[in-house]
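No value in this document is a laboratory result; all are computed from the given coordinates. Worth saying up front: this structure is predicted, and the values here are computed from it rather than measured. Here Cβ is always computed from backbone atoms with ideal geometry, including for glycine, and neighbour counts include all displayed protein chains.
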Amino acid sequence: MRVISLNANGIRSAARKGLFDWLPQQNADFLCLQEIKAQLSDLEGDLTFSPPGWHAHFSYAQKKGYAGVAIFAKRAPDEILDKLGAPEFDDEGRYVELRYGKLSVVSLYVPSGSAGPERQASKDRFLEFFLPVMRDWLASGRQYIVVGDWNIAHRNIDLKNWRGNQKNSGFLPHERAWLDRLLGQDKPALGWVDAYRQLYPDAEGEAYTWWSNRGQAWAKNVGWRIDYQIVTPNLRDKIKAASVWKETRFSDHAPLIMDYAL
């Protein structure tokens, strides 16, 4: 089973750059998008966003041109969920989950705090709210693949200029500690699994998934790894392959492609 995750930085923009022409070549079962920056009225009637053989499910932000997530799935789900129970984040379209028996595939868009203190405060509220959600999902016994833009680089090897970014959103100590709590193996850590790191624990530049549009970040590979596929421990042994697609640029992020033996 192949799962692709991409922050599209606008689904219509990514489509114009060839995303849905590229997709049929990828043998994917799921395409999970974040930051679609669209509402239903922007997409309905355009067959680009209803590709043949795919079931498309969206969670739109109430604010036009903002946030939003989507999952394109080869198989119709048993159940669709798009509310976490926190209006601040549900109104921004930050979550959609498709359920198939005991398996859940989630597209998640964690808020960015880079726009200033107000947005960082919202991001911090999301992290505080979402950790118990992840704890409950883990306790449910379901198989979860939670993919998306987490807007946090976890370790020094997850960004090129780690020394210069220790006071910047996305690499703040408390954000990194939050991922430690989520991914760590020691109690009271939750023990979720960073699927890419399970296969490539020491990969650096080839693991980056986002590059600033400023300067020559892309050309010089001054990137960040902030897009993850995070899975429940009961899927650890099912992780089979991982890659970051950099041959085509659909947005300022690159698609993260993961294969699972499911």
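Hey, what do the phi angles of the range 231-247 turn into as Karplus ³J(HN,Hα) couplings, whole Hz, using 6.51/-1.76/1.60 and θ = phi - 60°, x for Gly and Pro?
Those phi angles translate into 10, 5, x, 6, 10, 3, 7, 9, 7, 10, 7, 8, 7, 10, 7, 10, 6 Hz.
For a label point 7 Å from the Cα of Leu81 along Cα→C-beta, name the residues of the range 219-237 whose backbone N is under 14 Å from it.
232
Just to be sure I understand the model, the point goes 7 Å from the Cα along the line to the Cβ. What's the resulting Lys187 to Leu262 distance in nm?
2.8
Using per-residue counts of other Cβ atoms within 10 Å, averaged over each peptide, order 84-91, 30-37 from highest down.
Packing order, densest peptide first, comes out as 30-37, 84-91.
Determine which residues of the range 54-93 fall in the zone a paramagnetic label at Arg142 would reach in this model, i.e. backbone nitrogen under 14 Å from the point 7 Å along Cα→Cβ.
Backbone N within reach: 77-85.
What is the mean projected area of the alpha carbon convex hull for the chain, to one decimal in square nanometres?
If I average the Cα hull's projected area over directions, I get 13.2 nm².
For every helix of n ≥ 4 consecutive DSSP H residues, a contribution of -39,500 (n - 2.57) applies; sum these over the chain, divide by its total residues, and give [θ] at 222 nm rounded to the nearest 500 deg cm²/dmol.
Per the formula, -6000 deg cm²/dmol.
Points 7 angstrom from Cα along the Cβ direction at Leu40 and Asn234: gap in nanometres?
Result: 3.3 nm between the two label points.
Using the count of nearby Cβ atoms within 10 Å as a rough guide to exposure, how do Val147, Val193 rank from fewest to most?
Val193, Val147
Among Gly85, Asn234, Leu256, whose Cα sits farthest toward the positive end of the charge dipole of the chain (+1 at Cβ of Lys/Arg, -1 at Cβ of Asp/Glu, about the Cα centre)?
With unit charges placed on the Cβ atoms, the residue in question is Leu256.
Counting Lys and Arg as +1 and Asp and Glu as -1, each charge on the Cβ, what is the dipole of the range 2-260 about the Cα centre in debye, to the nearest 20?
That gives a dipole near 480 debye.
So in the chain, what percent of DSSP beta bridges are antiparallel if you round to the nearest 5?
75
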